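Taking it in order: structure first as structure tokens, then the write-up.
Derivation of every value follows stated rules applied to the coordinates shown; laboratory data play no part. Quantities reported herein were computed from a predicted structural model and do not represent experimental measurements. As a convention, Cβ positions derive from the backbone with ideal geometry for all residues, glycine included, and neighbour counts pool all protein chains shown.
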Amino acid sequence: MQKGLIAAILLAVVVIGLGAFTRLTDAGLGCPDWPGCYGRLAVPQTAEHIEHAENAFPERPLEAHKAWNEMIHRYFAGSLGLLVVGLAGVALWRKQHRFIAVASVVLIVFQALLGMLTVTLGLMPIVVMGHLLGGFSMLALLFTWLLISQRPLAKNVRSGRWLWLGLAILVVQIALGGWTSANYSAISCQGLPLCHEDWTASYQVDAFHPLPERSGDNYEFGVLSHQQRITVHVTHRIWAGVTAFYLLVLALSLIQQRHSDITRGRASRLIFVLLMQVGLGVANVLWQVPLAVAVAHNLMAAMLLLCLISLVVAHYQSATLSSKRVLQKERHYGEIERANPA
């Protein structure tokens, strides 16, 4: 079971990377239908198939490289879906982790629905962002499933509110990154640390309206004005600063406190990944969002999420170990008292 979960986690990372690659190469509508491509299970290749495809979708001439980017992403996503359903079936049959197994199936079905809506609604930003968050949620759920299968969580434990707060802050930042990408705002600001323009005088809250009006048949290449895109980009940068500061302080405090070696090690990894992510963000600005760096920026955000989840789970697992040690000591002293009555 654990090998299957590891395979699913690795596959989920690949799917997230391919999703970012598809989005960044403007291939989200490389196939204008779903789940196939121009009515076929593979990208049309022969002259006859290409002619038939372009007659069926005259508004969207076939661009083979974009179509293949989209279909490869779908193939891997479909494989992940089948693997998740299989793992859930095994878990239900063994009566293990039934809640998380059912949740994983529900999430993968919902994620497939979002994938369909991404195409059928013409890259509507709220759907694109939701699809990105769904992919991150699937990865997080599978990783949590793997961790708790290795060691159970304690019950009635005081929640690690600072860890949960850090997780919430990071999720907001990931959502802002998704909104920036979905609205094609990645290169709207070319200066550091915020923007080359006087963005404070033209900050537009309506840039975050969930249902912006589209200017054609779809939302491809964005519908927001230049000032609105600057607003989105600057907000993403400001919250990135908040996220980096909070996570750095959180990790350093965990390292300095009397925690287990596991927790301190995971906190150290969080700092490393955080610094890598900040560096990739700066590189995106300086080098105008090169494809490799932008994809790495997405994947590093996923790694940050996994680092925080591992810390949250470690908090509850360490409580489990502490409870077991206390119980073992009580049993030991009880045996001594019974063996040597006063």
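When only Cα pairs below 8 angstrom with a gap of at least 6 residues are kept, the chain shows a relative contact order of 20 percent.
Quick check: net charge around Ala88, other residues with Cβ under 12 Å of its Cβ, Lys/Arg +1 and Asp/Glu -1? Spelling it out: positives minus negatives among the neighbours equals +2.
Sum up the charges of everything whose Cβ sits under 15 Å from the Cβ of Leu306, counting Lys and Arg as +1 and Asp and Glu as -1, but leave Leu306 out. With Lys, Arg at +1 and Asp, Glu at -1, the net is +2. The angle between the Cα long axis of helix 226-256 and the main principal axis of the chain comes to about 20°, on a 0 to 90 degree scale.
Give the Debye-formula value of log10 I(q)/I(0) at each listed q (0.08 Å⁻¹), with one equal scatterer per alpha carbon of the range 162-342, two decimals each. For the requested q values the scattering log ratios are -0.38.
Expressed as a fraction of 2.2 N^0.38 Å, the C-alpha radius of gyration for the range 106-241 is 1.26. Annotation: cysteines of the chain without a disulfide-compatible partner (Cβ-Cβ under 4.7 angstrom) are Cys307. A convex hull fitted to the Cα coordinates of the range 1-150 yields 101 cubic angstrom per residue. The mean sequence distance of close C-alpha pairs (under 8 Å, at least 6 residues apart), as a share of the length of the range 1-150, puts its relative contact order at 32 percent.
The distance between label points at Leu211 and Ile148 comes to 3.5 nm (points 7 Å beyond Cα on the Cα→Cβ vector). Compute the angle between helix 64-94 and the longest alpha-carbon principal axis of the chain, please, reported from 0 to 90 degrees and rounded to the nearest 10. On a 0 to 90 degree scale, this one is about 30. Placing R0 at 56 angstrom, the Cβ-Cβ distance between Val102 and Ala201 gives a FRET efficiency of 0.65 after rounding to 0.05. As a check on your grasp of the helix formula, calculate [θ] at 222 nm for the chain: sum -39500 (n - 2.57) over DSSP H runs of n ≥ 4, divide by the residue count, round to the nearest 500. After summing the helix terms and dividing by residue count, I get -25000 deg cm²/dmol.
Can you run the Rg to Rh ratio on the chain? Use alpha carbon positions and the Kirkwood inverse-distance Rh. Reported Rg/Rh, Kirkwood definition of Rh: 1.06. At q = 0.13, 0.18, 0.19, 0.21 Å⁻¹ the log10 of I(q)/I(0) for the range 44-127 amounts to -0.60, -0.87, -0.91, -1.01, computed by Debye summation with a single uniform scatterer per C-alpha, solvent ignored. Looking at the P(r) of the range 52-98, how many percent of alpha-carbon pairs lie beyond 17 Å? The answer is 57 percent, as a whole percent. Helix 291-339 and the longest principal axis of the Cα set of the chain meet at an angle near 20°. Inter-label distance, Thr120 to Leu133: 2.1 nm, where each label sits 7 Å from its Cα along the C-beta direction.
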